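The values are calculated or read from the model by the stated rules, or taken from the named source; none is laboratory data. A quick note: this is a predicted structure, and the numbers were derived from the prediction, not measured. Every residue, glycine as well, gets a Cβ built from its backbone with ideal geometry; the counts of neighbours run over all protein chains shown. To get the accessible areas, we keep the full protein, side chains included, count just its heavy atoms, and leave off ligands, DNA and RNA. Shrake-Rupley method; radii C 1.70, N 1.55, O 1.52, S 1.80 Å.
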Amino acid sequence: MKSVVTYEQQVTIVESERPLIKPNHVLMKTSYSMVSPGTELSIIHRSGGAQSKLGYSAAGIAVEVADEVTDIRVGQQVACYGAPYVNHSEYLLVPKHLIAPVPDHVSLKEASAAGLGAIAIHGLRQSGLVFGECAVVIGLGVIGQLVARIAHAAAIKVIAIDLYEERRRRLQEVAGITVCASFEEVEAAIGSVTGHIGADAVLHCASGAQKELLDRSFDWIRDRGKIVIVGDMVMEFSRGQMFKKEADVVISRAGGPGRYDPEYEREGRDYPIGFVRWTEGRNMKEYIRLLAEGRISAGSLITTQVPLIHAADIYRDYTSRPDQILGAVILY
């Protein structure tokens, strides 16, 4: 089978053996996989002589199902999430907690964003936001777009900002979200939406060193509000900014509890629901439910689609024209 790998900062396609079914796993034939540019470009940049597979979010058809997996059948549409089990490959052997059924009426192309959807949902859970509160979403890549759309579907008041016009335009299709092009617009919107008390949370979905932006976001929250770091952002800010609001600053780690725990992921041991209500697997299923019920749409976020053999083109586009490419999927 073919897979996308990186080494020595290059992206190429390699051949490997199709994986064999194992207990507690599902073998999926991939239809689409979605690129996560922040994570994957970072891996490419750091790559050396050893090959590293890229990707962590995909959807396709279940072709073999272990006896221990009871909620998925052969021939069913499924979506999956989580490296190293999920990557850009023609076949994927996925542990049962990292794969979810997809109803027949849901597009596999949209379902291939299940991993990014789980990350967006976990970021919102980390914010503690509830019905009627106000969120500011900074950075409208795919994850920021999903954070804004899911928050809006939960009746949270959403103010969003991105410097790229095309990304703002994509979010403006959702009525009721305030989309801004500048900090001054954000500050005016917060005053109008909250009656000048401040946003309840700011979710940073951008990446890189953004100290000035992080400091400024403390001015946007209410007293004892919350800053949530969702993107790969450098955590550098002024203590005084945090102190004056007695703000919480929290990191949102991937798709939720269970990520990087081999007993949960590889061995298939779930957490007791009374103690861990929302695992990464349950968050992924919630993303699929939102698509299935029409509460959100992800189709317009996918602006680029290429066949597997041209996967390297996507990474060149994200580097050379990031203002023109939003979501990108690989077609198998």
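At 25 °C and 0.890 mPa s, grab the translational diffusion coefficient of the stretch 146-304 from Stokes-Einstein with a Kirkwood Rh over Cα pairs, rounded to a whole number in µm² per second.
For these conditions, the coefficient is 140 µm²/s.
Using a probe radius of 1.4 Å on heavy atoms only, what accessible surface per residue do you get for the chain? Whole Å² is fine.
Heavy-atom SASA per residue in the chain reads 44 Å².
So what is log10(I(q)/I(0)) for the stretch 1-97 at q = 0.15, 0.19 1/Å, when the Debye sum runs over its Cα atoms only?
Debye curve over Cα of the stretch 1-97, log10 I(q)/I(0) at q = 0.15, 0.19 Å⁻¹: -0.57, -0.85.
Which whole-angstrom value gives the distance between the alpha carbon centres of the stretch 98-143 and the stretch 268-332?
With the stretch 98-143 and the stretch 268-332 each reduced to a Cα centre, they are spaced 8 Å.
Would you mind calculating the relative contact order of the stretch 63-211 from Cα pairs under 8 angstrom and at least 6 residues apart, reporting the percent as a whole number?
Relative contact order here is 19 percent.
Mind checking which lysines have their C-alpha under 23 Å from residue 109, skipping anything on the same chain fewer than 8 residues away?
Reachable lysines: 2, 29, 53, 96, 285.
For the stretch 277-323, just list the percent of Cα-Cα distances falling in each 10 Å bin from zero outward, please.
21, 31, 31, 17, 0
Once the other residues with Cβ under 15 Å from the Cβ of residue 181 are scored (Lys, Arg +1; Asp, Glu -1), what is the net sum?
In short, -3.
Would you mind classifying the stretch 210-321 by shape? Square roots of the alpha carbon gyration tensor eigenvalues, ordered a ≥ b ≥ c; an a/c under 1.5 is rounded, otherwise it is prolate if a/b is larger than b/c and oblate if not.
oblate
Compute the relative contact order of the stretch 198-295 as a whole-number percentage, counting only Cα pairs closer than 8 Å that sit 6 or more residues apart in sequence.
Relative contact order here is 23 percent.
Sum -39500 (n - 2.57) across every DSSP H segment of at least 4 residues in the chain, then divide by the residue count to get the 222 nm mean residue ellipticity, nearest 500.
-9000 deg cm²/dmol
For the chain, what is the relative contact order in percent, using Cα pairs closer than 8 Å and at least 6 residues apart in sequence?
Contact order relative to length: 18 percent.
For the chain, state what percent of all Cα-Cα pairs lands in each successive 10 Å bin, counting from 0 Å until the bin that includes the largest distance.
Histogram of Cα-Cα distances, whole percents per bin: 6, 26, 34, 23, 9, 1.
Mind listing the phi-derived Karplus ³J(HN,Hα) values for the stretch 308-315, rounded to whole Hz, using 6.51, -1.76 and 1.60 with θ = phi - 60°, and x for any glycine or proline?
With coefficients 6.51, -1.76 and 1.60, one gets 3, 5, 10, 4, 4, 4, 4, 5 Hz.
Give me the distance in nm between label points sitting 7 Å out from Cα along the Cα-to-Cβ direction at residue 241 and residue 267, one decimal.
Reported label-point gap for residue 241 and residue 267 is 4.2 nm.
On full extension of the chain, what length is gained from residue 15 through residue 168, given 0.36 nm per residue of separation minus the C-alpha to C-alpha distance?
Gain on stretching residue 15 to residue 168: 51.2 nm.
Run through the stretch 229-329 and list the chymotrypsin sites (Phe, Trp or Tyr not before Pro) located in a DSSP loop whose Cβ has at most 14 other Cβ atoms within 10 Å.
260, 275
Select from the stretch 226-294 those GluC sites (Glu not before Pro) which occupy a DSSP coil region and have at most 15 other Cβ atoms within 10 Å, ordered by residue number.
Sparse-neighbourhood loop GluC sites (Glu not before Pro): 236, 246, 267, 293.
Given a Förster distance of 56 angstrom, what is the FRET efficiency for residue 71 paired with residue 181, based on the Cβ-Cβ distance and rounded to 0.05?
0.80
Using a 10 angstrom cutoff on alpha carbons, build the Gaussian network for the chain and name the most mobile of 82, 117, 48.
So, out of 82, 117, 48, the one fluctuating most is 48.
Could you give each residue of the stretch 27-34 its phi-based ³J(HN,Hα) in whole Hz, using Karplus coefficients 6.51, -1.76, 1.60 with θ = phi - 60°, and x for Gly or Pro?
Coupling constants for the stretch 27-34: 9, 10, 8, 6, 9, 9, 10, 9 Hz.
Rounding to the nearest 10 and keeping the result within 0 to 90°, find how far the Cα-based axis of helix 183-194 lies from the longest principal axis of the chain.
With both axes taken from Cα atoms, the answer is about 80 degrees.
What is the ratio of the Cα radius of gyration of the stretch 148-189 to 2.2 N^0.38 Å, with N the residue count, to two decimals?
Output field value: 1.09.
In whole percent, and with a 1.4 Å probe on the protein chains, what portion of the accessible area of the chain is carbon and sulfur?
C and S atoms contribute 50 percent here.
Taking just the C-alpha trace of the stretch 168-258, give me its Rg and Dmax in Å.
13.7, 39
Which of the GluC sites (Glu not before Pro) found in the stretch 4-81 are in a DSSP loop and have at most 12 neighbouring Cβ atoms, other than their own, within 10 Å?
8, 17, 68
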